[in-house]
Amino acid sequence: MFDNLTRRLSTTFAKLAGRTHLTADMLDDALSEIRIALLEADVALSVVKKIIADIKEKAIGQKIIDGTKPAETVAKIVYDELVNLLSSDNRPPTPDHHRVIMLVGLQGTGKTTTAGKLAAYYKKQGRTVMLASTDIYRPSAREQLEMLAQQAGVDSLPIIADEKPTDTAKRIITGHRPRTASHDVIIIDTAGRLQIDEPLMTELRDLKKLLTPTEILLTVDAMAGQESLNVAREFNNVLGVTGLVMTRSDGDARSGAVLSMKMETGAPVLFVGVGEKIGDLEQFHPDRVASQILGMGDVVSLVEKAQEHISERDAEDTMKKMFSGEFTLNDMMHQIRQIKKMGSIGGLMKLLPGMGQMADALKDKATDGAINRQLAILSSMTDGERRRPEIIFAARKSRIAAGSGTTVKDVEQLLKNYEKMRAGMKQLSSFGSPDKLMEMMKSAPGADN
């Protein structure tokens, strides 16, 4: 998501790097590059014009032409503009009382899958959730939602053959009135079409009238480009959209249309689909997304992923190992497995400041496939070999390569990587503990500057 925009903006800021003085012409050139970058990212022309005008006004107001470090200053202005553009009440609806969420969107935008992911999201928060479908047109749509409910561990509305969508809606409301409801959240998957038409909108109007939903969330495919702006406009005019959900954001999409949709509808982007699994739905944070767009990473999200997938005890054990100087191939295998729990390697690299561009450059070396090969090599070793890698000579390397489906060269490369990691651990061990390292850093010359 936003990868192309990130690359173009990074190139623009790189041209300003090292400048101590920025002329008006240089600023115009930078704004021209930013304009092209936004247009190539599928941001609507009207939105691009507003963004550029706002950036220029702020730039002149801050008198950056006579200032120092113009690249950092322009980047900060662009960051603030993106956050301002994407922000509103981006907090997902909290079901502190009975809540009905109606999902709408065109067919093929991942609406049904998103319903399942939303159910898992709220189930994780300790809410009681029920999924229901009014889509009687797409073959097996209701059965698919029923299976997703089972995966998420939530209830689903029983399917009645040949039932009309409005009758399904009446059944939902009759059995789940606010005062007697056994579910905090009811998520309703509605029918879609390949394109917007009057029968679809008439049905959705009728469902809205019957269900009186507390939220109407529009699912939009990140790969749809500027056409998604027209879709958002139509759904918002007819139904009054309260939030947006971007799907397929993990694909090779330009995704700039989300900026246009936010301005067009005024509805916040609440969630982003980041994969195919039931748990691959993340809350949308404007400041974090803006930071990633500008190549500044998102350390907060990285820490949250680590806290979610790595226990505090594992983290403490890893820290002790790092400062003890004792680091074996068993430890290396354990760390790789912990990293894998947090998601794709490419996605994790993009959360690190300055690593977004490198993630693309290293896509052949730091792919999930490469990580899996390393695990295969380590798994093909005996426990004794992992504890004492110095005993791994030619014959053992050949056996390990054959057992892991790799080459001797791959085995040797892994051992080299291990030695580098081990050397780094030994350097850390010289400080004794994390606290001593922090104390030394604080007392270093210039530490307070």
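The values are calculated or read from the model by the stated rules, or taken from the named source; none is laboratory data. For clarity, every value in this text was computed on a predicted model and none was experimentally measured. Note that each Cβ is placed from the backbone with ideal geometry, even for glycine, and that neighbours are counted across all protein chains shown. To get the accessible areas, we keep the full protein, side chains included, count just its heavy atoms, and leave off ligands, DNA and RNA. Shrake-Rupley method; radii C 1.70, N 1.55, O 1.52, S 1.80 Å.
Near M130, once Lys and Arg are set to +1 and Asp and Glu to -1 for all other residues with Cβ below 10 Å from its Cβ, the sum equals -2.
Peptides 99-112, 123-136 ranked from most to least packed by the mean count of surrounding Cβ atoms within 10 Å: 99-112, 123-136.
Scanning residues 5 or more positions from S156 or on other chains, those with amide H under 5 Å from its amide H are L131, with H placed 1.01 Å from N in the peptide plane. If you roll a 1.4 angstrom probe over the protein chains with everything in place, what fraction of the accessible area of region 115-266 belongs to carbon and sulfur, to the nearest %? Carbon plus sulfur share of accessible area: 48 percent. Phi angles of region 117-128 translate, via the Karplus equation with coefficients 6.51, -1.76, 1.60 and θ = phi - 60°, into HN-Hα couplings of 5, 4, 4, 5, 4, 6, 4, 5, 7, x, 8, 8 Hz per residue; Gly and Pro are given as x.
Give me the extension gain from V83 to K56: residue separation times 0.36 nm, minus the current Cα-Cα distance, reported in nm with one decimal. The partial results should precede the final answer.
On the way: separation 27, 0.36 × 27 = 9.72 nm, distance 1.62 nm.
Computed gain between V83 and K56 is 8.1 nm.
Per residue, the solvent-accessible area of region 91-246 (1.4 Å probe, heavy atoms of protein chains only, all protein chains present) comes to 45 Å². In terms of the mean number of neighbouring beta-carbon atoms within 10 Å, the peptides 33-42, 155-164, 404-413, 207-216 order highest first as 33-42, 207-216, 404-413, 155-164.
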